[in-house]
Amino acid sequence: MLLIPCPNCGPRDETEFHYGGQAHVAYPENPAELTDREWAEYLFYRDNTKGAFAERWLHSTGCRQWFNMLRDTVTYDIQAVYPMGQPRPDKENTATGTTAPTVTTPVSPEGAIK
Amino acid sequence: MTTEHLPEHPDFLWRNPDPKKSYDAVIVGGGGHGLATAYYLAKNHGMTNIAILEKGWLAGGNMARNTTIIRSNYLWDESAAIYEHALKLWEILPEELEYDFLFSQRGVMNLAHTLGDVRESVRRVGANKLNGVDAEWLDPQQVKELCPILNINDNIRYPVMGATYQPRAGIAKHDHVAWAFARKCDELGVDIIQNCEVTGFVKDGNKVVGVKTNRGTINTEKVGLCAAGHSSVLAEMAGFRLPIQSHPLQALVSELHEPVHPTVVMSNHVHVYVSQAHKGELVMGAGVDSYNGYGQRGSFHVIEHQMAAAVELFPIFARAHVLRTWGGIVDTTLDASPIVGTTPVENMFVNCGWGTGGFKGTPAAGLTFAHTIATGEPHKLNKPFALERFETGALIDEHGAAAVAH
């Protein structure tokens, strides 16, 4: 079971949370102008990353707040949690070719149960 | 003990060749679907200069991790057609492959626990009958007669209100199915290449012309992807996207017991599915873990939930011990139906999205995917399962019959 560091409540069991899939998917600005292909992309296509993945979680039986989390989909290591609307914390490093992610909220080694 | 005292190794069922420089077609993924595809390519289409590339060992992914259930009681015409065709192939395959892989048509029950379940189930039985799929609606007493160890009392949280029953459904020994296909593939000249991981594709414009692997580049005219949970990773290498999310799906077995469970029982609502393997283990499947994952393991609370449901439905399991639990990576789609067909890349084809129910579809996936690869056009059975359906909106929503909620 994942031990998820809720930004408001601290570390809690995964069973308190609800998964929200890929983060940073914006609703299209002009949905009526999209082609069928573009609409399908918005509705059905999500990244299915093997590795560091930015995803949404809802602390449904706690503070009931949504937040974003950066988690490795192979090791299940939680690398960062950050507020919705904020850019993904490891993105700028990817652009400069650095591999080590900068975390906005550092997670202690016991932050995730593997 | 030294090796001198060991008996001779039994005959190998397939060769272990090095990859050749080029093939007429390359199948990526040496699981059930990849093996079945290669088998039908060779048998039905005369394509024997082909290879299966497997990054690990043969049938060590979901083919080794599923709960071996075979049934065809799906709701919609398109699904009933392809899964029923698969079931008919299962019925002839032991003889055709000359291998008794313990296909046992002991029937499958899908329990109903709510009024909504009952309505959905009765509707599905009706749809199945119209599609020539054997199906019956059982009341709780009939459920008890077929499976005496099931608790049909009202004193549980979700009492059994009835069940759909497909008598021709059942289980098969998954490893033996893979070995049966592998042996025939090998006899027909197919190269099964294990420990050969695909690392990229060689393209000429938008056409795939080769496969890069950790054992060198292999030229090929056609590529068929049969990689289940890793389909998205391969598609990304090839330069296109798939509407797939990969999730862990867990299962477990108990220690060996005397035969107590005569059929297969599935419950979508409380979420467990149980059969008893020929050797005697109780085999139970859980629901998918909610998060995306490639780790071949999931969270313990999912197993806990599944065991709670199992013990309530089958009180005699309360003292059974879990022998082991494991996870596989399933490739789920938004409509709980597979994708079998062409891709945006020329000469590259994809078979994926079977999600939580790929094992039962193995022969039909192989047959229709081989047809698609050989002719460049879909077989009539997989035509509705094209990637384009997510654009046209012609989805095939099988969340009700898929039985594993996701």
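The values are calculated or read from the model by the stated rules, or taken from the named source; none is laboratory data. Quick caveat: nothing in here was measured; it's all calculated off a predicted structure. Glycine also receives a Cβ, built like all others from the backbone with ideal geometry; neighbour counts cover every protein chain displayed. What goes into the accessible areas is simple: the full protein's heavy atoms, side chains included, and nothing from ligands, DNA or RNA. Shrake-Rupley method; radii C 1.70, N 1.55, O 1.52, S 1.80 Å.
Listed values, structure above:
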read-out	value
Pairwise burial A:B, computed as accessible area of each alone minus the pair, summed, 1.4 Å, Å²	2300 Å²
Extent along principal axes [Cα atoms of segment B:1-84; Å; largest to smallest]	59, 35, 22
Of the DSSP H helices in chain B, those whose Cα atoms cover at least 24 Å axially and whose Kyte score averages -0.5 or more	B:77-96, B:358-375
Debye log10 I(q)/I(0) for segment B:174-214, one point scatterer per Cα, at q = 0.17, 0.29 Å⁻¹	-0.66, -0.90
Cα coordinate range in segment B:284-406, projected on the principal axes (Å, largest first)	54, 26, 26
Delta accessible area of at least 30 Å² on complex formation, residues of segment B:222-266, 1.4 Å probe, chain isolated as reference	B:Arg241, B:Pro243, B:Gln245
Shape box of chain B [Cα atoms, principal axes, largest first, Å]	65, 65, 39
Flagged links, alpha-carbon separation over 25 Å, of B:Lys21/B:Lys360; B:Lys43/B:Lys173; B:Lys88/B:Lys380	B:Lys21/B:Lys360
Label-point separation in nm, A:Glu33 to B:Asn153, each point 7 Å along Cα→Cβ	6.5 nm
Cα shape, segment B:189-253, gyration tensor, a/c 1.5 rule	oblate
Segment B:102-154: mean projected area of Cα convex hull, nm²	4.6 nm²
DSSP-defined antiparallel bridges as percent of all bridges, the protein assembly as shown, nearest 5	75 percent
Compactness of segment B:94-247, expressed as Rg and Dmax over alpha-carbon positions, Å	23.0, 66
Three-way shape call for segment B:72-163 based on the alpha-carbon gyration tensor, with the a/c threshold at 1.5	oblate
D_trans [Stokes-Einstein, Kirkwood Rh over alpha-carbon pairs] for segment B:171-286, 10 °C, 1.306 mPa s, µm² s⁻¹	88 µm²/s
Kirkwood-based shape ratio for segment B:220-358, expressed as Rg/Rh from alpha carbons	1.08
Solvent-free Debye scattering, log10 I(q)/I(0), computed from the Cα coordinates of the protein assembly as shown at q = 0.12 Å⁻¹	-1.20
Charge dipole of chain B about the Cα centre (unit charges at C-beta), most positive-ward option of B:Ser246, B:His113, B:Leu97	B:Ser246
For segment B:257-367, with +1 on Lys and Arg beta carbons and -1 on Asp and Glu, the positive-most of B:His305, B:Val322, B:Leu334 along the dipole	B:Val322
At 1.567 mPa s and 4 °C, Stokes diffusion of segment B:338-404 via Kirkwood alpha-carbon radius, µm² per second	105 µm²/s
Carbon + sulfur, % of accessible area of segment B:24-64 - ligands and nucleic acids excluded, 1.4 Å	54 percent
